[in-house]
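Report on the following structure.
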Amino acid sequence: MHLHAFWQDREHSSLLQVTEGAGTVYVYRKRLFRSTENLINTDSRNSRQNKKHPLNTTPRRKTYPSERSHIIRSLLGLKKYVIRYRYAIAISFCLVVLTNGLLLISPEILQRVFDELQLAIEDPNFTVSPRRILFFGLLIFGVALFAGILRFAQRRIIQGVARQMEFHLRADFFLHLQKLSASYYDNVRTGDLMTRATSDLNAIRMVLSSAIMYTADAIVFFGLALTIMLQIDATLTVVTLLPYPILAILIRSLGKRLHAHYESIQEAFSTLNTKVQENLSGVRVVKAYTLEASEIEHFGELNHEFVERNHRQIRLMTFFFPLFRFLPGIGGVVLLWMGGLHVIEEKITLGDFVAFSAYLMMLVRPMITLGFIVNTFERGAASMDRMNAVLNEKPEIFDGEQVKWGIKNIEGEIEFRNLNFDYPDGTPVLKDINLKIGRGMTLAIVGGTGSGKSTLVNLIPRIRQAERGTIFIDGVDIQDIPLNVLRSNIGFVEQEPFLFSDYLRNNITYGLEAADDEEVKAAAHSADLLAQIEEFPDGLETFLGERGITISGGQRQRSALARAIIIKPKILILDDAFANVDTQTEDTILSRLDEIMKNRTTILISHRISTVKNADHIIVLNDGSIVETGTHEQLIAHNGIYAGIYETQLLQEELEEF
């Protein structure tokens, strides 16, 4: 049992899952009590392989000659989405200019009011009527109202555009995940990918909406206000803005620290998500071994680490943010002193002083938002770096330039020529495989645990990639056949079938665009599942739990078999597809499959001789090599490995009967 579990891990290069036996529980507990830092930085399966993978180690903070250029580099991947909505963004930018232009009119109105009031005080012949004061008040109100309407339109447009860009980025991310080869997921944590598709994507959206809008707003407003302030009093402008270069230095320092903090936070969040995902998927195992307390304790450690990393970032922000308000406040003190002197010396009027004060106070707002802008940009850049780590991964298996697009179908003849295959870590799996399977022929593969049976059949639909010139279908190298044509003509039932959290009907018809009830029932009948479906209260409309957990293991396996049958493939691969059914049910299914298998090339993998004995041809794999070949009778007469397995199983059956 333990060896079988280990072989499954080797065959599929997947994370070792706890299923049965004390040995696997030991592995699980060893991983469970590993330190928080190690769990964040390493994967639980194979540390040597994980070091090669970009997603399974906490990325080290790189140093760049320019923090600004690094942000631009990180966010450059958003260029195509920005271009797609360039007109809406341009309109929004125009609204930013108009809004800030209107807001800057109000101090000009105040300047006019105070100058007239001062003139009225100094010159008895000059009067300011209440109606004129009301006019100026209504004018300020009208400017503020119109500016508010423009700002509403501006935010409505940019927020809508940001949501659309988020939609396209999420769709492209999911599409890219679908294109990546199956081997990519061997060492990638599901929770980590989920974090990138949700939390990281949300951080990027905040850049596209709030950060860009606030940046444009701050630049435009600062530029316009600075121009007007220089016209009022250039000397006063320079002196009151002296603290602002200090702000620039602080912002640069803050940006460097924030980027590193956010990468660390997102990595911890990914690990936390992975822990939750694994526990929810393996909740029955946790309960079976009464490890709830240990899991809660370990989750608490990860949760504490995540919170602590957030606290470090909060402490950093609470130190810097008050400075963004304090430093511009120094300019206000300087204004009162120097500006007051300039009014007394009549270098500027009282209205100029009031207008200048208003502009300076209005500059505080964009300065305060600078903290938010830097925060958002650094968070978005860190998240985009994490997204790019996935988006920059190239699929190992794809349609190359040599593909013959004229091939629209296959007949099903398979040939292996001098096939050798190693795992990415260099472990040899298959050695010198030479085999020809005729169209409509049934081949059975028998062998011990870890002999390479599943790996061999995984090479046919190019789930894993063999060297060119080693596998042929209908005399054509499989790398010359379009992937869609190749895989759509292969029905594959794995030893660990996967069902979606959906209706039973949709799981059976997964490989078809549409299927009527008769087709579904015929496929279910061939898989000996129809009678049990009719006993379900909702029949084919029965909703399955996650991974089909609400039905038995045998029913899941037969549902997967029905899914493979209904697409009427030219090649049918059954990888230990009867492991979860009893021998009587297996005999029933095999008898019903006889008619289907006559017109299809079928490959059977099984540990039971009863499953394979009627195959047209049988091969025995041992340590990745074909060591025996022939029919059932020939292999029994040969008195080798196959005969030994057969005799052992006969003895087991006799003991069970006894």
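Is at least one residue of the stretch 190-200 touching a residue at least 40 places away in the same chain (Cβ under 8 Å), of a type in the set (A, V, I, L, M, F, W, C) and touching a Phe, Trp or Tyr at 6+ places or on another chain (Cβ under 8 Å)?
Taking every residue of the stretch 190-200 in turn, none turns out to be touching a residue at least 40 places away in the same chain (Cβ under 8 Å), of a type in the set (A, V, I, L, M, F, W, C) and touching a Phe, Trp or Tyr at 6+ places or on another chain (Cβ under 8 Å).
Cβ contacts < 7 Å: first residue more than 27 Å from GLU411 (Cα to Cα), restricted to the stretch 488-513; second residue of a type in the set (Asp, Glu) and open to solvent by 60 Å² or more (accessible area, probe 1.4 Å), any location; separation 6+ or different chain. Result?
Qualifying pairs under 7 Å: SER501/GLU546; TYR503/GLU541; ARG505/GLU541.
Filter the stretch 591-612 down to residues that are in contact with a helix residue (DSSP H, G or I) (Cβ under 7 Å, 6 or more places away or on another chain) and assigned to a helix (DSSP H, G or I) and give me whichever is nearest to TYR646 (Cα to Cα).
ILE609
Here is a yes/no grid of residues against (1) acidic (Asp, Glu); (2) over 29 Å from GLY640 (Cα atoms); (3) assigned to a helix (DSSP H, G or I):
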| site | (1), (2), (3) |
| --- | --- |
| LEU512 | no, yes, no |
| GLY554 | no, yes, yes |
| GLN557 | no, yes, yes |
| ALA562 | no, yes, yes |
| PRO569 | no, yes, no |
| ASN580 | no, no, no |
| ASN614 | no, no, no |
| LEU621 | no, no, no |
| VAL627 | no, no, no |
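Taking the criterion of being β-branched (Val, Ile, Thr), farther than 30 Å from PRO428 by Cα and buried (at least 16 other Cβ atoms within 10 Å of the Cβ), would at least one residue in the stretch 590-611 satisfy it?
yes
Kindly indicate whether any position in the stretch 63-82 is of a type in the set (A, V, I, L, M, F, W, C), open to solvent by less than 70 Å² (accessible area, probe 1.4 Å), under 31 Å from the mean Cα position of the chain (by Cα) and modelled with pLDDT of 85 or more.
Scanning the stretch 63-82 turns up at least one residue that is of a type in the set (A, V, I, L, M, F, W, C), open to solvent by less than 70 Å² (accessible area, probe 1.4 Å), under 31 Å from the mean Cα position of the chain (by Cα) and modelled with pLDDT of 85 or more.
Determine which member of the set VAL457, VAL520 is touching a helix residue (DSSP H, G or I) at 6+ places or on another chain (Cβ under 6 Å) and open to solvent by less than 40 Å² (accessible area, probe 1.4 Å).
Of VAL457, VAL520, the one residue that is touching a helix residue (DSSP H, G or I) at 6+ places or on another chain (Cβ under 6 Å) and open to solvent by less than 40 Å² (accessible area, probe 1.4 Å) is VAL520.
Enumerate the helices (runs of 4 or more DSSP H) found wholly within the stretch 210-327, keeping only those where 2 or more residues are among the charged types (D, E, K, R), modelled with pLDDT under 85 and crowded, with 18+ Cβ neighbours inside 10 Å.
In the stretch 210-327, 244-281 are the helices (runs of 4 or more DSSP H) which contain 2 or more residues that are among the charged types (D, E, K, R), modelled with pLDDT under 85 and crowded, with 18+ Cβ neighbours inside 10 Å.
List the pairs whose first member sits in the stretch 134-152 and is farther than 16 Å from VAL97 by Cα, whose second member is open to solvent by less than 40 Å² (accessible area, probe 1.4 Å) and not acidic (Asp, Glu), and whose Cβ atoms are under 6 Å apart, counting only residues at least 6 apart or on separate chains?
Qualifying pairs under 6 Å: PHE136/ILE109; PHE136/VAL113; LEU139/ILE109; ILE140/SER106; ILE140/ILE109.
Within the stretch 540-552, work out how many residues are loosely packed, with under 15 Cβ neighbours inside 10 Å and either in a helix (DSSP H, G or I) or hydroxyl-bearing (Ser, Thr, Tyr) (or both).
Selection size over the stretch 540-552: 4.
Report yes if ILE407 is within 22 Å of SER606 (Cα to Cα) and touching a residue at least 12 places away in the same chain (Cβ under 8 Å), otherwise no.
no
May I ask you to list the residues in the stretch 390-421 that are in a loop (DSSP other than H, G, I, E, B) and more than 34 Å from the chain's Cα centre (by Cα)?
Across the stretch 390-421, the qualifying residues are GLY406, ILE410, GLU411, GLY412, GLU413.
Please go through the stretch 161-187 and pick out each residue that is among the polar types (S, T, N, Q) and within 14 Å of ASN202 (Cα to Cα).
GLN164
I'd like to know if the stretch 495-507 contains one or more residues that are among the acidic types (Asp, Glu), over 20 Å from TYR184 (Cβ atoms), open to solvent by 10 Å² or more (accessible area, probe 1.4 Å) and assigned to a loop (DSSP other than H, G, I, E, B). Reasoning before the result, please.
Taking the stretch 495-507 first, the residues among the acidic types (Asp, Glu) are 496, 502.
Narrowing further to those that are over 20 Å from TYR184 (Cβ atoms): 502.
Then drop every residue that is not open to solvent by 10 Å² or more (accessible area, probe 1.4 Å), which leaves 502.
If we keep only those that are assigned to a loop (DSSP other than H, G, I, E, B) as well, we get 502.
Checked against the condition, which is being among the acidic types (Asp, Glu), over 20 Å from TYR184 (Cβ atoms), open to solvent by 10 Å² or more (accessible area, probe 1.4 Å) and assigned to a loop (DSSP other than H, G, I, E, B), the stretch 495-507 yields at least one hit.
Looking only at residues that are under 23 Å from ILE105 (Cβ atoms) and open to solvent by 50 Å² or more (accessible area, probe 1.4 Å) in the stretch 329-361, which one is nearest to the chain's Cα centre (by Cα)?
It comes out as MET361.
Identify all residues within the stretch 333-351 that are more than 22 Å from GLU116 (Cα to Cα) and without any contact (Cβ under 8 Å) to a residue 60 or more places away in the chain; write none if there are none.
Hits for the stretch 333-351 are VAL333, TRP337.
Being open to solvent by 50 Å² or more (accessible area, probe 1.4 Å) and either within 30 Å of ILE71 (Cα to Cα) or within 30 Å of the chain's Cα centre (by Cα) (or both): is that true of PRO424 here?
So PRO424 passes the test.
Inspect the stretch 542-550 for any residue being among the hydroxyl-bearing types (Ser, Thr, Tyr) and over 27 Å from LEU621 (Cβ atoms) and give the result as yes or no.
Yes; the residues of the stretch 542-550 include at least one that is among the hydroxyl-bearing types (Ser, Thr, Tyr) and over 27 Å from LEU621 (Cβ atoms).
The values are calculated or read from the model by the stated rules, or taken from the named source; none is laboratory data. Model, not experiment: these values are computed from the prediction. Note: ideal-geometry Cβ built from the backbone for every residue, glycine included; neighbour counts use all protein chains shown. These accessible areas exclude ligands, DNA and RNA; they are computed on the full protein's heavy atoms, side chains included. Shrake-Rupley method; radii C 1.70, N 1.55, O 1.52, S 1.80 Å.
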